[in-house]
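Trainee: This structure is in structure tokens; I'll ask about it shortly.
The values are calculated or read from the model by the stated rules, or taken from the named source; none is laboratory data. The structure displayed is predicted, hence computed values, not measured ones. Reconstructed Cβ throughout: ideal geometry from the backbone, glycine too, with neighbour counts over all protein chains shown.
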Amino acid sequence: MAAIILGTAALSLAMTRLVPPLRSADETFGDLLIAHASPPEAQHPGVALVVLGEDSFATLACRSPVDRGFLAGLVEHLAAARVRAIGIDILFDQPTFPELDERLHTAMRDSPVPVVAITALNHTPLTDQQRAFLDSFTGELRRGHANLAKDPLDATVRWHVPYGSDGTPSLPAQLALLGGGAVPDEPFRIDWHGRPNPSTPPFPVYSVEAVPVLPRDWLAGKVVLIGTALAGIDQHRTPLSLASSSTPGVEIEAHILAQMLDGRVSPRLPLGGEVALVAAMSAAGVGLAMAGWPLWLLAGASVLILAGAWAGGTALYAAGGPLVPLMAPSVAWLVGIAAMTAHLSLRERADRRVLMQLFANHVSQPVAEEIWRERATFMAGNRPRPQQLTATVLFSDIEGFTTICEALEPEPLIRWLEGYLDAMVRIVTAHDGVVLRFVGDAVLAVFGAPVARTTQAQIDADAERAVQCALQMGRELVTLNRQWQAEGLPAVGIRIGLHTGPVVAGSLGGLRHTEYSLLGDTANTAARLEAHGKTVDARSSRHCKIIIGDPTYQAVRDGVAVLPVGEVALKGKTKTVRIWLVVDDAEPGYSSPERCENPPEKKKS
């Protein structure tokens, strides 16, 4: 079971990271929570945006490149408002009027507050002339790249790379360093700043035209980002885009900057927590499958519990808790249920195959159903586990079988023996016994295995069935002998030994051959009782001698006629055994002389 849990957990984690539809679904669920379930949060006090929109460009002398004289004046106004730092998210890769370019360059270089211009990393598609002008214009200034990391699966911005491959910091990283924030060395998942309410942005946003007339304390002490807010220009897909239109690049930079200034990390559950949750869901799914519920109930419970988990994860995030990625746990839950169900099904088939190989041809249908129903009590590792039982063992043998073998040719001998054994097996199974094996003409059967009996009444009932089975075997020989004599085959008699007591039952053998076996004194005693029948002159019926041990007699004494044989010393036993001869007083036309001299003992209840 542990292997299934761990394997399912590992597979689920791998699938939600390597299988594109699953990874996309996992990320999309997180995006939906961020867009629609983020808890309210006050506007960030340390970051503000100054944007150029369509109305702003309508008043500028030059739209592209942006009027640099206007930008120079904007930088001067912001510096006069005592902002903490200025970041300009506009790429200066082309010259305009030389005097305006120089004015902006001077304003940025000589500003009393730090000004950061954006640059482009090496893989940014710029011409040689554009890159040369960019390096020349910003070479003396503080710089940061504005390249955004986009998920290759759906082009959504979810992560930020604070340093380029050449070590250049990003625009928000450079501003965070100026503002005293901590900048991680490695890429990190963005923690999107929340809104006070749906109609209020997460950061104060001002148009460039409004900056000269704003009260100075509105911007004082803030890090200000300057950028554009134009449809189709520098717009990107983010988790916030699910709640509105695409997100401007300058706003994305503001979220990243605010995160680094605050020292926050993504609210998404860390990998260690996700691994623990996936393992727990896998274990829960395996446990549910082991409950053995019907398939319809298992499917219904699976869906309801899974829906509850997703609703609970949403409520947890909305209440300010972590963002729990639920795709991998959900996959672990479903795969855990499916894997354990399949495992149980395969194990059930293997158990059924083993049981059928051991018992199918030698038990009645009710016994077979009981064996299958109670298999959990005696099966282990696809084979019956050794167990101590109290059962009644029956051992029968044909009188004079060696002489018969010498008298018959092989083909009629086998045909004759098969008919005999088939009849005996049919009688045993009709009395809910289990035929374990044939030893030549001998039959070994047991009543009370492999399902253990738990009460004395059950043990006595097994003994009663065993005795009745023996009696019926003798009666069946009346018909068989009449048939054989008509066919010119010899008539026979049988001896049967029955003994009740403890046995050790279990499966013996290896991969090629396995059989269900009985070990212990009870089985040996039944065989010795059958052999001792050779020395007893009296018969149970015309064609049968049935010798039972005292434990069997005590179980059936109220319903069976018997003759005492006495205390005898059986071969291989040091202590004497009290034994009895069962008398079939129901066989028509049979009268034993012994019954006249020694009336059968039979108690009536």
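Trainee: When you check SER207 against the structure, is it of a type in the set (Ser, Thr, Tyr), over 26 Å from SER24 (Cα atoms), surrounded by fewer than 17 Cβ atoms within 10 Å (Cβ to Cβ) and touching a residue at least 60 places away in the same chain (Cβ under 8 Å), yes or no?
Mentor: Yes.
Trainee: So SER246 clears everything in (1) surrounded by fewer than 21 Cβ atoms within 10 Å (Cβ to Cβ); (2) among the hydroxyl-bearing types (Ser, Thr, Tyr); (3) touching a helix residue (DSSP H, G or I) at 6+ places or on another chain (Cβ under 8 Å) except one condition, right? Which one?
Mentor: Failed condition: (3).
Trainee: Just the residues that are of a type in the set (Gly, Ala, Ser) and either surrounded by fewer than 17 Cβ atoms within 10 Å (Cβ to Cβ) or in contact with an Asp or Glu (Cβ under 8 Å, 6 or more places away or on another chain) (or both), please, taken from segment 80-135.
Mentor: In the first step, residues of segment 80-135 are kept if they are of a type in the set (Gly, Ala, Ser); the result is 80-81, 85, 87, 107, 111, 117, 120, 132.
Selection gives ALA80, GLY87, ALA107, SER111, ALA120, ALA132.
Trainee: Can you tell which of GLU251, GLU274 is surrounded by 15 or more Cβ atoms within 10 Å (Cβ to Cβ) and closer than 30 Å to ALA58 by Cβ?
Mentor: GLU251 is the lone residue from the list that is surrounded by 15 or more Cβ atoms within 10 Å (Cβ to Cβ) and closer than 30 Å to ALA58 by Cβ.
Trainee: A further question on this structure: Is it fair to say LEU153 is under 58 Å from the mean Cα position of the chain (by Cα), more than 21 Å from LEU225 (Cα to Cα) and modelled with pLDDT under 90?
Mentor: Spelling it out, LEU153 is indeed under 58 Å from the mean Cα position of the chain (by Cα), more than 21 Å from LEU225 (Cα to Cα) and modelled with pLDDT under 90.
Trainee: Looking at (1) out of contact with any strand residue (DSSP E or B) (no Cβ under 8 Å at 6 or more places or on another chain); (2) among the β-branched types (Val, Ile, Thr); (3) closer than 30 Å to HIS343 by Cβ, can you tell me which one ILE414 breaks?
Mentor: In the conditions (1) out of contact with any strand residue (DSSP E or B) (no Cβ under 8 Å at 6 or more places or on another chain); (2) among the β-branched types (Val, Ile, Thr); (3) closer than 30 Å to HIS343 by Cβ, ILE414 misses (3) alone.
Trainee: Examine segment 299-319 for a residue that is touching a Leu at 6+ places or on another chain (Cβ under 7 Å), surrounded by 15 or more Cβ atoms within 10 Å (Cβ to Cβ) and closer than 16 Å to ALA2 by Cα, and state whether such a residue exists.
Mentor: Scanning segment 299-319, I find no residue that is touching a Leu at 6+ places or on another chain (Cβ under 7 Å), surrounded by 15 or more Cβ atoms within 10 Å (Cβ to Cβ) and closer than 16 Å to ALA2 by Cα, so the answer is no.
Trainee: Also: Within segment 421-431, how many residues are in contact (Cβ under 8 Å) with a residue 60 or more places away in the chain and surrounded by fewer than 19 Cβ atoms within 10 Å (Cβ to Cβ)?
Mentor: Number satisfying all stated conditions: 2.
Trainee: Which number in (1) buried (at least 16 other Cβ atoms within 10 Å of the Cβ); (2) part of a helix (DSSP H, G or I); (3) of a type outside the set (Phe, Trp, Tyr) marks the one condition that VAL446 misses?
Mentor: Looking at each condition in turn, VAL446 falls short on (2).
Trainee: A follow-up question, please. Inside segment 164-179, can you point out the residues that are surrounded by fewer than 17 Cβ atoms within 10 Å (Cβ to Cβ) and closer than 25 Å to HIS105 by Cα?
Mentor: ASP166, GLY167
Trainee: While we're looking at this one, here's another question. Going by the structure shown, is ASP93 part of a helix (DSSP H, G or I) and touching a Lys or Arg at 6+ places or on another chain (Cβ under 8 Å)? Spell out how you get there, then give the answer.
Mentor: Numbers: part of a helix (DSSP H, G or I): no; touching a Lys or Arg at 6+ places or on another chain (Cβ under 8 Å): yes.
When the stated conditions are applied, ASP93 does not pass them.
Trainee: Considering segment 203-257 alone, what residues qualify as being farther than 19 Å from HIS44 by Cα and part of a strand (DSSP E or B)?
Mentor: THR228, LEU230, ILE233, GLN235, HIS236, ARG237
Trainee: A follow-up question, please. Within segment 418-443, which residues are assigned to a helix (DSSP H, G or I) and closer than 22 Å to GLY506 by Cα?
Mentor: Across segment 418-443, the qualifying residues are VAL425, VAL428, THR429.
Trainee: Related question: Scanning for something farther than 25 Å from ALA14 by Cβ and surrounded by fewer than 23 Cβ atoms within 10 Å (Cβ to Cβ), does segment 321-333 turn up at least one residue?
Mentor: yes
Trainee: What are the residues in segment 28-57 that are crowded, with 20+ Cβ neighbours inside 10 Å, of a type outside the set (S, T, N, Q) and outside any strand (DSSP E or B), if any?
Mentor: Matches in segment 28-57: GLY30, ASP31, LEU33, ILE34, HIS44.
Trainee: While we're on this one: What tally of residues in segment 108-141 results from selecting those that are assigned to a loop (DSSP other than H, G, I, E, B), under 24 Å from VAL224 (Cα atoms) and among the hydroxyl-bearing types (Ser, Thr, Tyr)?
Mentor: Residues flagged as assigned to a loop (DSSP other than H, G, I, E, B), under 24 Å from VAL224 (Cα atoms) and among the hydroxyl-bearing types (Ser, Thr, Tyr) within segment 108-141 amount to 1.
Trainee: Then there's this: Taking the options ARG539, ARG528, ARG482, name whichever one is assigned to a helix (DSSP H, G or I), more than 14 Å from SER396 (Cα to Cα) and basic (Lys, Arg).
Mentor: None of the other options fit; the residue is ARG482.
Trainee: Got a number for residues in segment 258-279 being touching a residue at least 24 places away in the same chain (Cβ under 8 Å), of a type in the set (A, V, I, L, M, F, W, C) and assigned to a helix (DSSP H, G or I)?
Mentor: Going through segment 258-279 one residue at a time, the tally reaches 7.
Trainee: LEU18 - would you say it is free of Cβ contacts under 8 Å to residues at least 12 places away in the same chain and out of contact with any strand residue (DSSP E or B) (no Cβ under 6 Å at 6 or more places or on another chain)?
Mentor: Considered against the rule, which asks whether it is free of Cβ contacts under 8 Å to residues at least 12 places away in the same chain and out of contact with any strand residue (DSSP E or B) (no Cβ under 6 Å at 6 or more places or on another chain), LEU18 comes out as yes.
Trainee: Also, I was wondering about something else. If you check LEU489, LEU471, which single one turns out to be assigned to a loop (DSSP other than H, G, I, E, B) and surrounded by 19 or more Cβ atoms within 10 Å (Cβ to Cβ)?
Mentor: LEU489
Trainee: Still on this structure: Residues in segment 418-445 that are β-branched (Val, Ile, Thr) and at pLDDT below 90: how many? Don't jump to the end; show me each part of the working.
Mentor: The first filter runs over segment 418-445 and keeps only residues β-branched (Val, Ile, Thr), leaving 425, 427-429, 434-435, 439, 443.
From what is left, the residues that are at pLDDT below 90 are 429, 434-435, 439.
Going through segment 418-445 one residue at a time, the tally reaches 4.
Yes or no, residue by residue, for (1) at pLDDT 85 or above; (2) assigned to a helix (DSSP H, G or I):
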residue: ALA360; (1), (2): no, yes
residue: TRP372; (1), (2): no, yes
residue: LEU394; (1), (2): yes, no
residue: TRP416; (1), (2): yes, yes
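Trainee: Between residues in segment 181-196 that are β-branched (Val, Ile, Thr) and residues that are in a loop (DSSP other than H, G, I, E, B) and surrounded by 18 or more Cβ atoms within 10 Å (Cβ to Cβ), which pairs lie under 9 Å by C-beta distance while being six or more apart or on different chains?
Mentor: These pairs meet every condition: VAL183/PRO162; ILE190/THR238; ILE190/SER266.
Trainee: Still on this model: Can you spot a residue in segment 129-141 that is under 17 Å from ILE233 (Cα atoms) and assigned by TED's automatic domain parsing to the domain that holds ARG189? Give the derivation first.
Mentor: So in segment 129-141, the residues under 17 Å from ILE233 (Cα atoms) come out as none.
Within segment 129-141, none of the residues are under 17 Å from ILE233 (Cα atoms) and assigned by TED's automatic domain parsing to the domain that holds ARG189.
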